[in-house]
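Quick notes on the structure that follows.
The values are calculated or read from the model by the stated rules, or taken from the named source; none is laboratory data. Because the structure is predicted, anything quoted here is derived from the model rather than measured. Heads up, the Cβs are rebuilt from the backbone with ideal geometry, glycines too, and the neighbour counts pull from every protein chain shown.
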Amino acid sequence: MTLNFPNPSRSFDEERKRVLFWGYDSVIEVSFSVEAAALRKLYPEMDSTEAGFLKAFDAARKQIYLMAGRAYGRDRKGTFAYTLTAEDF
């Protein structure tokens, strides 16, 4: 099956300073997070507030989904949670 992102929801994890989002492979939910450094790399003008993180995610959503799909495609070993770092971009 192919990973897709039918739900545009995302949330901010204050403790870990990252944005969380979800993809689906058929009926299987796959969790993803994007670290602050990755978001800043994609959107250098990001500020460090919750709104800034979410704005950066929204601005780079296509690139983030592309990299999430690649991470999922190369590492399907029963893992359903992935963290995207600056090195992924």
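Answer yes if at least one residue in region 6-25 is among the acidic types (Asp, Glu) and either in contact with a Pro (Cβ under 6 Å, 6 or more places away or on another chain) or under 16 Å from Asp88 (Cα atoms) (or both), and no otherwise. There is no residue in region 6-25 that is among the acidic types (Asp, Glu) and either in contact with a Pro (Cβ under 6 Å, 6 or more places away or on another chain) or under 16 Å from Asp88 (Cα atoms) (or both).
Pairs linking a residue in region 10-37 that is free of Cβ contacts under 8 Å to residues at least 60 places away in the same chain to a residue that is in a loop (DSSP other than H, G, I, E, B), with Cβ atoms under 6 Å and 6 or more positions apart or on different chains, are Gly23/Phe5; Asp25/Met1; Ser26/Met1; Val30/Phe80; Glu35/Thr85; Ala36/Lys17. Restricting Tyr82, Tyr65 to residues that are surrounded by 11 or more Cβ atoms within 10 Å (Cβ to Cβ), in a helix (DSSP H, G or I) and touching a residue at least 24 places away in the same chain (Cβ under 8 Å) narrows the list to Tyr65. Checked against the criterion of being surrounded by fewer than 14 Cβ atoms within 10 Å (Cβ to Cβ) and within 11 Å of the chain's Cα centre (by Cα), the candidates Asp47, Asp58 yield just one match: Asp58.
For region 24-60, the set of residues classified as part of a strand (DSSP E or B), at pLDDT 95 or above and in contact with a helix residue (DSSP H, G or I) (Cβ under 8 Å, 6 or more places away or on another chain) consists of Phe32, Val34, Glu35, listed by residue number. On the given criteria, is Tyr82 closer than 17 Å to Trp22 by Cα, out of contact with any helix residue (DSSP H, G or I) (no Cβ under 7 Å at 6 or more places or on another chain) and of a type in the set (Phe, Trp, Tyr)? For Tyr82, the condition - closer than 17 Å to Trp22 by Cα, out of contact with any helix residue (DSSP H, G or I) (no Cβ under 7 Å at 6 or more places or on another chain) and of a type in the set (Phe, Trp, Tyr) - is not met.
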